[in-house]
Each structure stands twice: as C-alpha cells, then as structure tokens.
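The values are calculated or read from the model by the stated rules, or taken from the named source; none is laboratory data. What you see is a predicted model, and the numbers here were worked out from it, not measured in a lab. Cβ: placed from backbone, ideal geometry, glycine included. Neighbour counts: every protein chain shown. Just the protein is used for accessible areas: all its heavy atoms, side chains included, with ligands, DNA and RNA removed. Shrake-Rupley method; radii C 1.70, N 1.55, O 1.52, S 1.80 Å.
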Amino acid sequence: MFEEAQTSITTQIQSYCAENEIPLTETINWQPIPFSGEWGMTTSFFQIAAQEARSGKKMVVPQRAQEIAAAVAAHLGTPPGFTHVEAVRGYLNLYFDSADFSRKIVDTVLAQGVDFGRGALKNEQVMVEYSQPNTHKSFHVGHLRSAILGDALSRILDFAGYDVIRANYPGDMGLHVIKWLWNYLKFHRGEKPEKDITKWMGDMYVEANRHLEENPELEKEIREVYARWDRRDPEIVALWEETRQWSLDGFNQMYAELDIPFDIYYFNSQMEEPGKAIVKALVEREIALDERPEGPVLVKLDELLGNKQEKYRVLVILRSDGTALYSTEDLALTLKKFADYPALKRSIYVVDVRQSLHFTQVWKTMEIAGYEEPKHCHHIPYEIVNLPGNVVMASREGTIVLLEDLLREARQRALEVVEEKNPELSVDTKKNVANAVGLGALRFPMLARDNAKTVTFDWESALDFNGQAAPYIQYAHVRANSILRRATGEKFSDVATPSHELDPSEVQLIDLISRLPAEVQRAADEYKTLQITNHAYDLAKAFNDFYRNCPVIQAEPDVRNFRLCLVDAARHSMANMLKLLGIQAPEVM
RNA sequence: GCCCGCGUAGCUCAAUGGAUAGAGCGCCUGACUUCGAAUCAGUAGGUUGGGGGUUCGAGUCCCUCCGCGGGCACCA
C-alpha cells in the first residue's frame, strides 16, 4: 500500500550505492519490521556485502552489511513520512509516521468497503474445475474438500482480479454407473427414492458391489450392460437418464446449502465420443498403439520420449472392448474447455493428489500430439480426507461420513451453543446463526491447511468451535459490529489523523489490515487458501487484542472518532476475508 | 523396484532463504458492576526425523539415510 514510499527510498539507496561504488543487487526487497511493536519497513545489505566479498575484498560479511546499512541510514536522514531510521545488525529499518499512515489505511478501507482488498482487473480468464462428484454414489466428507477448496480458490481468484469460470465435472458414466444400473435392473426395477436421495443412491452402489463380490461370475452381466450402453440401447439410456438426474438433484441441494455455485457443467458421458475420436487420431498417427481385441489402446510414453528410466509410464486410453475410460474423456475435456471459452488463459483442475500421474500422462500425450492446450492446464493436487487410524473414506467399504449427516450434526451442535450463549435471540436468528457457525466450522479446517496435508476427520474436532476456527473470527466480527451499533446515527466516517499516541495493538491491527490486499494476491498466485485463513485469524486476534486494550465508546471525542473508524475498517476486513472463504459473517451470534 | 508427498512443542498445525521457530488444543493459575467471557492474561512445553553440503544466513535449497502415506497397463 506504500509503493510510492518504497520506490522513492529504493531509488535513493540505489543512487547512493552507485555514487559510492557499492555493487547493487537487482532489486531491494522490503519487508515489515519484526519485533518492533512499531510500524515500518526493512531491508538488509547482506547480499550486497556478500557480493563485495566475492569480488575479492577481504571482509566479514555481517560487519560490512552493518557498515553499509549505517552509511545508507546516515545518507537518508529522516525522509518525509517517516519518524526515524536505524541500522541494526545489517538491516536498515525505516519507521513510518504512524498517525499519517493509519489515517491513510483506514480511509482507504472505508472508501472501498466490501471491495477493500480487491485486485485490479487482470483481463485474464481462468477456469477452475472442482467437485467432480460421481453420480450413483454417495457424497461424503472426502468429496467435500475439493468442493470447498475449489469454491474458495474461485472466490480468491475472482477477488484478486481474474475472470473466473467455475466448472463441475460429474462422473455420470463409467464402471460404477454400469454396476449400479445392473443392480437396479436385476433387483430393484421400478423403485424410486423417497427422501435422502444421495444416501439411497450410495446404498444401492454398495449393494451392487456386494453382489459382485459374492458372485464374481456376474462380471459377464456387467460387461453386457456396458455393451448395451455403448450401442445406446434405449432402455439403458432412459434408465440412466432418469437415475442420473436423481443424483444430480441431490448434489444440487447440497451445493445450494453450502453456497457453492457453478457456471458450467461438463459430464463424463459427453466426453466419450469426442474422446474416442481423439484416440482414433492418435492411433492413426502412431502415437497410440491399438492392441485390440487382445489388449487395450495405449500410449507408451517413456518409449515415445526415449526415456531410459520409467517416468511417464504407459497410459491406457481405451478399453479392449472399445468402451471409454476416464483418460479417454479427459483427453476430450482438455480441448473442450478451451473451445467453449476462446479467451481462456488457464485451466485449473482441483483434484486429489492420487491423480497426479494421470494428469501428467494425459497432458504429456497431448503435447506429443502437438496440442497447445496442455501448456495452460494446471493440476492443483490436494491430499485426501481420512478417518482416524489412516482409514481412507471409500463408498464401497462403507467407511464414510455422509455429508448430510455432518451438516445436520454441525448445525445442531451450533444451535445448542447459541442457545447457551445467547438465549434471548429470536428463534429465526438463532437458526441463522447456527447455520453460519456450523457451516463455517466445517469449511475452515479444510481451508486452514496446506493443500499437501492430509485432513483427518473426527467428529469431536469437526464440531469443536473453539480456538483457531471460524467462530473465533466470526465472534470478533460480531464484537466490532456491536461497538458500531452503539454509535449508529453518529457520523464517524470522516477519518481524521489520530491525535493520540497509537496503542501498539492499534498499530498491529492497522498493519494487518494494510497487508490484506497483498495476501489476496499471494493466495491467488499460489493457489493457497491457507494464506487467507491465516490472515483472517491474525486479524481477528489483533482485533480482540485491540478490543481489550482500547476503549472506543468511552474514549475522548477525537480518539473515539478515530477508533470507530478503525473498528469499521477491521469489520470490513474480517468480513471480506470470511467471504473469500465462503464463510458467513453474522451480525450477532 | 521406480516416482511423488509428508516428518516442526504431548496433540493438530503455522512460519517469501533473513533478526528471537509461532498459534490453537490439552495441563495448571487468574480476569465478567467495565464497548458481548464463543473473549483475554499468565505458566510450562523445541538438538525443526538423523547425517552431510550450498550460503553472509537453512525448518525452508541440494545430497544421503530412516519413518509414514500415496501412485505406478484396460477404477475414477
């Protein structure tokens, strides 16, 4: 937020170094000053000193760094906008005029409101594909991570200034669907789900697998159903269309509850034929090997690339019976996205880490075939959600926690807490608060964790609203709201330069607010929601610290006015961060 | 066997190659006649899995070993 000051000082340092024959580094990197309790920016001279040392001069690097820092400090004096400058252990620290900059930041936040932190338009279209639920199966907590992560990344990219297309890619065809249809035709013909559609669909899938395990010779019948699907047998197609819709209805209900939207849906089934066409072309060009009917169609990647050591291995792109695989469909989908959106610059896949090799293989195959699209495709891998004891959630094993159950429990638990903490709220309000808190508590732990770290689900911590969790941030927001409510009708939006000496907690809070826009950009650049959860928590913590140390309503008029503005700025900051996470910021709780 | 990821306080996790590795939970001790105690203050807890290396500086980068998880020809 203080680019001008940084640029100006940077220029001065560079010219000073040039005049005194001190070698320059390419850029001067500014950071906040740690441990100071004050507010400023810092840079170090170790690199420059090390460069001198390498050029032959004899010196002790840290000592020389301190010499340069001191010389630069003396040269700079105290530039406008700063209160003092110091050279410490090789670092040059410049302290801002706190009052001046406080005013500037608070002013900016109040002027921008809900848009505070929004990045400049990048004129770059980005597609984020996430969720990819399988129809004819249950939707469990493991599936939730992709949905929540993809949703939050979409919000962050949008806020950072990108034009985001949200895509879903349900698995509506494949071996699992065929098994389901077979089981339905054989044992449940004519039945319809009454309620809990997704659970019912999942139970039917588990049953299908059980029948197959008990009688492996039934595999033949499965192949038969697949063949009927492949020649588009009307009965199979009609049944598939109807039952598929049951699943999709169930998913839509959950997406609505979770406030997770999509702009476009792609389906496995739509990619079968275009995928097969690509396979055919790959065979004709001798990139793929057609071993049918004895074997499948495959691409020997390492052989094609001349790799001595196995790296890309072999990718099977069509079954020996000619039916499509996930890989067949992904070949087509890669192209389809760019065909649908000609302005698309990046295509992002939020898919779990176990599929890393798969995407590498698909895109490498397409690169060999000369396609440009894979260069703009990025897999954002995330680790899966396990149950305690490192138990993988698997529909077939029945080792799952259903999303429906989790949603219900979280809301119920949140409602109990609201009843206890704030019994005088209206029934409707309590319900809304329980919803905001319950859902927020589910989202936060999935986002407040590096993508590469496994999430272990257990009921106790999932329903724990204490500590580093969404309710902590929501509560800080409620407190800010509460103060502002007491000042309704007062005009406090004109930020004056604070006349009082700022409390360290005020400096800290303002500092964190000022960093918000940069955090958004970094989260977008690195595809890391963790940046946002960390910063949101730090903001809330700083606000609580401020809340304890700095009276607002009872302060003298000037101080009161500034602090009311600061509270409002903090409220906006916290609300904006929560919004990026898809977590509601209630007025009361 | 080959490839990828992870290993930080008792537990769950943070930490642009920078100054003193931080939070939460749990334990113990305190704070509501004071803007909302879903809060806050304090105590205790670390050879960042082991060993080398690069660097002025390594939890972070490189090598190696150990442990855990995952992926490797017709599941998605």
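Which order do the peptides A:318-327, A:549-558 come out in when sorted by mean C-beta neighbours inside 10 angstrom, highest first?
Numbers: A:318-327: 18.8, A:549-558: 12.4.
Output ranking for A:318-327, A:549-558: A:318-327, A:549-558.
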Margin query: Going by Cα centres, segment A:363-438 and segment A:25-70 are how many Å apart?
Written below: 46 Å
Check: Using Cα atoms only, what is the angle between the long axis of helix A:326-340 and the major principal axis of chain A, expressed in degrees (0 to 90) to the nearest 10?
Finding: 60 degrees
Item checked: Cα coordinate range in chain A, projected on the principal axes (Å, largest first) -> 85, 73, 44
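Compute the whole-percent fraction of alpha carbon pairs in segment A:414-581 spaced more than 27 Å apart.
Taking all Cα-Cα pairs of segment A:414-581, the fraction more than 27 Å apart is 32 percent.
Round to the nearest 0.05 the FRET efficiency obtained for A:ARG189 and A:ASN422 when R0 = 45 Å and r is the Cβ-Cβ distance. Before the final figure, lay out the partial values.
Working: r = 52 Å, r/R0 = 1.16.
Using R0 = 45 Å, I get an efficiency of 0.30.
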Check: Along its principal axes, what span do the Cα atoms of segment A:434-482 show, with the longest given first and each in whole Å?
Finding: 38, 21, 17
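Trypsin sites (Lys or Arg not before Pro), restricted to segment A:223-254: which are DSSP loop and have at most 10 other Cβ atoms within 10 Å? Please report the intermediate quantities before stating the final value.
On the way: sites: A:ARG223, A:ARG228, A:ARG231, A:ARG232, A:ARG244; in loops: A:ARG231, A:ARG232.
For trypsin sites (Lys or Arg not before Pro) across segment A:223-254 that sit outside H, G, I, E and B with at most 10 neighbouring Cβ atoms in 10 Å, the list reads A:ARG231, A:ARG232.
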Next item on the list: Highest first, please rank the peptides A:67-75, A:4-12 by the mean number of other Cβ atoms sitting within 10 Å of their residues.
Entry: A:67-75, A:4-12
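Going through the cross-link list A:LYS311/A:LYS336; A:LYS186/A:LYS220; A:LYS122/A:LYS311, which pairs have a Cα-Cα distance over 25 Å in this structure? Don't skip to the end; give the middle numbers.
Working: A:LYS311/A:LYS336 27 Å; A:LYS186/A:LYS220 14 Å; A:LYS122/A:LYS311 36 Å.
Flagged as over cut-off: A:LYS311/A:LYS336; A:LYS122/A:LYS311.
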Notebook entry, point to check: Å³ per residue of the Cα convex hull, for segment A:153-252?
Noted result: 129 Å³
Next item on the list: Quick one: work out Rg over Rh on the C-alpha atoms of segment A:242-368, Rh as Kirkwood radius.
Entry: 1.03
Checklist line | Helix axis angle, A:219-230 relative to chain A longest principal axis, alpha carbon, degrees | finding: 80 degrees
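On a 1.4 Å probe surface of the protein chains, which of A:LYS300, A:LYS579 comes out largest in accessible area, and what is the full order?
On the way: A:LYS300 70, A:LYS579 135 Å².
Largest accessible area first, the residues go A:LYS579, A:LYS300.
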Item checked: Zone of A:SER482's modelled label, taken as backbone nitrogen in segment A:421-448 under 11 Å from a point 7 Å along Cα→Cβ -> A:422
Check: Per residue, how much accessible area does chain A show when a 1.4 Å probe rolls over the protein heavy atoms, in square angstrom?
Finding: 46 Å²
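Got the relative contact order for segment A:414-581 handy, in percent, Cα pairs under 8 Å and 6 or more residues apart? Walk me through the intermediate numbers first.
Values: 157 pairs, mean separation 48.2, N = 168.
Rounded, it is 29 percent for segment A:414-581.
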Margin query: Show me the ranking of peptides A:516-528, A:189-201 by mean Cβ neighbours inside 10 Å, starting with the highest.
Written below: A:516-528, A:189-201
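When Lys and Arg each count +1 and Asp and Glu each count -1, what net charge do the other residues less than 15 Å away from A:ALA87, Cβ to Cβ, add up to? Each step should come with its number before you reach the end.
Numbers: positive: A:ARG64, A:ARG89; negative: A:GLU67, A:GLU86.
Its environment carries a net charge of 0.
Can you give the local net charge around A:VAL206? Use residues other than it whose beta-carbon is closer than 10 angstrom to its beta-carbon, Lys and Arg +1, Asp and Glu -1. Let's see the in-between values first.
Numbers: positive: A:LYS137, A:ARG210, A:ARG396; negative: A:ASP203, A:GLU207, A:GLU397.
Taking every other residue near A:VAL206 into account, the sum is 0.
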Margin query: Which order do you get for A:TYR265, A:TYR537, A:TYR95 if you rank them by accessible area with a 1.4 Å probe, largest at the top?
Written below: A:TYR265, A:TYR537, A:TYR95
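Write down the Å³ per residue value for the convex hull defined by the alpha carbon atoms of segment A:8-54.
Values: hull volume 3.9 nm³, N = 47.
Hull volume over Cα atoms, normalised by residue count, gives 83 Å³.
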Note to self: Output the 0 to 90 degree angle, nearest 10, between the alpha-carbon long axis of helix A:234-258 and the longest principal axis computed from the alpha carbons of chain A.
What the structure shows: 20 degrees
Check: What percentage of all Cα-Cα pairs in segment A:3-96 are separated by more than 16 Å?
Finding: 51 percent
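Would you please name the GluC sites (Glu not before Pro) within segment A:334-430 that are DSSP coil residues with at most 13 other C-beta atoms within 10 Å of their C-beta? Walk me through the numbers on the way to the answer.
Numbers: sites: A:GLU367, A:GLU372, A:GLU383, A:GLU397, A:GLU404, A:GLU409, A:GLU416, A:GLU419, A:GLU420, A:GLU424; in loops: A:GLU372, A:GLU383, A:GLU397, A:GLU424.
Of the GluC sites (Glu not before Pro), the ones in loops of segment A:334-430 whose Cβ has at most 13 other Cβ atoms within 10 Å are A:GLU372, A:GLU397, A:GLU424.
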Check: How much of the accessible area of chain A, probe 1.4 Å, is carbon plus sulfur, in whole percent?
Finding: 49 percent
Checklist line | Solvent accessible area, Å² - A:TYR162, 1.4 Å probe, full protein context | finding: 30 Å²
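Can you give the extra length, in nm with one decimal, that the chain gains between A:GLN63 and A:ARG292 once fully stretched, where that is 0.36 nm per residue apart less the Cα-Cα distance?
Values: separation 229, 0.36 × 229 = 82.44 nm, distance 7.26 nm.
Stretched out fully, the A:GLN63 to A:ARG292 stretch lengthens by 75.2 nm.
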Check: Can you give me the relative contact order of chain A as a percent, contacts being Cα pairs under 8 Å and 6 or more apart?
Finding: 16 percent
Next item on the list: Keeping every protein chain in place, order A:VAL455, A:VAL88 by accessible area at 1.4 Å, biggest value first, i.e. largest first.
Entry: A:VAL88, A:VAL455
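Trypsin sites (Lys or Arg not before Pro) within segment A:23-86: which are DSSP loop residues with at most 15 other Cβ atoms inside 10 Å? All intermediate terms of the calculation are to be shown ahead of the outcome.
Values: sites: A:ARG54, A:LYS57, A:LYS58, A:ARG64; in loops: A:LYS57, A:LYS58.
Sites meeting the loop and neighbour criteria: A:LYS57, A:LYS58.
Evaluate Rg over Rh across segment A:304-427, taking Cα atoms for both radii and Kirkwood's formula for Rh. Intermediate results must be reported in sequence, preceding the final value.
Working: Rg = 22.1 Å, Rh = 18.8 Å.
My calculation puts Rg/Rh at 1.18.
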